[in-house]
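Okay, so here's the structure we're looking at.
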């Protein structure tokens, strides 16, 4: 199992062999780095780390690493038994100081402010002959006196470069469009074939193949409801020599979001993301205000738990 150390008051570092994971409790419990020897697997900060406000947009901050999106990814306003709640861009938790829970430095707890929700996350890092395994165990609790709606999505921004490949279970043949820069894949709600998609301009593109920064692609896609055998996705990086596989429990988090960004975001001037985010989620949409069969509520005092893992393995073509 991993060794855990506090490098500074605000940083926690977990180590297992040549793998180290750095967590920033004071910046939303952010997983800032997953390092294999000298190979960084997560998107580096677009701007220096700085305190966050309750209303700033995600692109106004560093837009890097791995955050937790709760109780919504998109900014929205929702009606609750206690009144209307305004939820900011990418949710509450990336903005707040997370506290170390009683279980030790590998367990952190973040408190939402738009809704009375707390999220506890425990990280376990281990090494085997096959590579490294990062396990994340989550428990969400409604600390309030009324039932509240919620949705969650992991937000790990994995570094990508041209020639890398996104791999999904063979049974997944199409994805829905949440958003697409320049409308290249259509508009929200449209369906696109996976992996070879027809673009809005009539051309075709292999969505599984990572493009270079000159493509300026920025697309958010979702799977439909996933079955037991569809509980994974992977990013194969031949030049980096690693394969990153995300696994999740489809009974608890039955959808997968894909954010593919090859210098297509943010719209402001400056550094751009070059990443693939593989995002287990409770809903196939970004906004909590969009309701459907996926909609979830927690009663007062109720808890809900789930888990996901990241398997990192050596990879050669």
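The values are calculated or read from the model by the stated rules, or taken from the named source; none is laboratory data. The structure presented is a predicted model; accordingly, all values stated were derived computationally and were not measured. Heads up, the Cβs are rebuilt from the backbone with ideal geometry, glycines too, and the neighbour counts pull from every protein chain shown.
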When you scan the stretch 244-258, do you find a residue that is at pLDDT 95 or above and loosely packed, with under 15 Cβ neighbours inside 10 Å, even just one? yes
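Taking residue 157, is it more than 22 Å from residue 289 (Cβ to Cβ), crowded, with 16+ Cβ neighbours inside 10 Å and more than 18 Å from the chain's Cα centre (by Cα)?
On the way: more than 22 Å from residue 289 (Cβ to Cβ): yes; crowded, with 16+ Cβ neighbours inside 10 Å: yes; more than 18 Å from the chain's Cα centre (by Cα): no.
The answer is no for residue 157.
Here is a yes/no grid of residues against (1) more than 18 Å from the chain's Cα centre (by Cα); (2) farther than 24 Å from residue 245 by Cα:
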| site | (1), (2) |
| --- | --- |
| 103 | yes, yes |
| 108 | no, no |
| 112 | no, yes |
| 121 | no, no |
| 124 | no, no |
| 128 | yes, no |
| 132 | yes, no |
| 137 | no, no |
| 142 | yes, yes |
Hey, does the stretch 260-275 have a residue that's touching a residue at least 24 places away in the same chain (Cβ under 8 Å), out of contact with any helix residue (DSSP H, G or I) (no Cβ under 9 Å at 6 or more places or on another chain), within 17 Å of residue 65 (Cα to Cα) and part of a loop (DSSP other than H, G, I, E, B)? yes
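Would you say residue 41 is surrounded by 18 or more Cβ atoms within 10 Å (Cβ to Cβ), out of contact with any helix residue (DSSP H, G or I) (no Cβ under 7 Å at 6 or more places or on another chain) and either modelled with pLDDT of 95 or more or closer than 18 Å to residue 271 by Cα (or both)? Steps first, answer last, please.
On the way: surrounded by 18 or more Cβ atoms within 10 Å (Cβ to Cβ): yes; out of contact with any helix residue (DSSP H, G or I) (no Cβ under 7 Å at 6 or more places or on another chain): yes; either modelled with pLDDT of 95 or more or closer than 18 Å to residue 271 by Cα (or both): yes.
Criteria met by residue 41.
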Among (1) farther than 16 Å from residue 22 by Cα; (2) at pLDDT 95 or above, which single condition is residue 97 missing? (1)
The correct count of residues that are surrounded by fewer than 22 Cβ atoms within 10 Å (Cβ to Cβ) and at positive phi in the stretch 80-119 is 2
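If you go through the stretch 106-148, how many residues are in a strand (DSSP E or B) and farther than 30 Å from residue 84 by Cβ? Spell out how you get there, then give the answer.
Of the residues in the stretch 106-148, the ones in a strand (DSSP E or B) are 107-111, 117-128, 131-142, 148.
Those left that are additionally farther than 30 Å from residue 84 by Cβ: 107, 122-128, 131-137.
Of the residues in the stretch 106-148, 15 are in a strand (DSSP E or B) and farther than 30 Å from residue 84 by Cβ.
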Pair list, Cβ under 8 Å, 6 or more apart: the stretch 153-164 residue without any contact (Cβ under 8 Å) to a residue 12 or more places away in the chain, other residue outside any loop (DSSP other than H, G, I, E, B): none
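Which is at pLDDT 95 or above and surrounded by fewer than 20 Cβ atoms within 10 Å (Cβ to Cβ), of 6, 50? Give the derivation first.
Working: 6 fails: at pLDDT 95 or above.
Of 6, 50, the one residue that is at pLDDT 95 or above and surrounded by fewer than 20 Cβ atoms within 10 Å (Cβ to Cβ) is 50.
Give me the residue from the stretch 47-65 that is in contact (Cβ under 8 Å) with a residue 40 or more places away in the chain and over 17 Å from the mean Cα position of the chain (by Cα) and, out of that set, nearest to residue 157 (Cα to Cα).
So in the stretch 47-65, the residues in contact (Cβ under 8 Å) with a residue 40 or more places away in the chain come out as 47, 52-54, 59, 63-65.
Applying the additional criterion that residues be over 17 Å from the mean Cα position of the chain (by Cα) yields 47, 52-54.
Details: 47: 15, 52: 19, 53: 21, 54: 22 Å.
Per the criteria, the residue is 47.
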Can you name every residue in the stretch 166-181 that is more than 18 Å from the chain's Cα centre (by Cα) and in contact (Cβ under 8 Å) with a residue 12 or more places away in the chain? 169, 171, 172, 173, 174, 181
Name every residue in the stretch 86-103 that is touching a strand residue (DSSP E or B) at 6+ places or on another chain (Cβ under 7 Å) and touching a residue at least 40 places away in the same chain (Cβ under 8 Å), in order of residue number. 87, 90, 93, 94, 96, 98, 99, 100
Give, as residue ranges, the strands (runs of 3 or more DSSP E) completely inside the stretch 197-259 that count at least 2 residues that are touching a strand residue (DSSP E or B) at 6+ places or on another chain (Cβ under 8 Å), within 17 Å of residue 186 (Cβ to Cβ) and free of Cβ contacts under 8 Å to residues at least 40 places away in the same chain. 204-206
Given the condition in contact with a strand residue (DSSP E or B) (Cβ under 6 Å, 6 or more places away or on another chain), in a loop (DSSP other than H, G, I, E, B) and within 18 Å of residue 67 (Cβ to Cβ), answer yes or no: does some residue in the stretch 162-178 qualify? no
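Please tell me if residue 145 is on the phi < 0 side of the Ramachandran plot, in contact (Cβ under 8 Å) with a residue 24 or more places away in the chain and out of contact with any helix residue (DSSP H, G or I) (no Cβ under 6 Å at 6 or more places or on another chain).
Numbers: on the phi < 0 side of the Ramachandran plot: yes; in contact (Cβ under 8 Å) with a residue 24 or more places away in the chain: yes; out of contact with any helix residue (DSSP H, G or I) (no Cβ under 6 Å at 6 or more places or on another chain): yes.
When the stated conditions are applied, residue 145 passes them.
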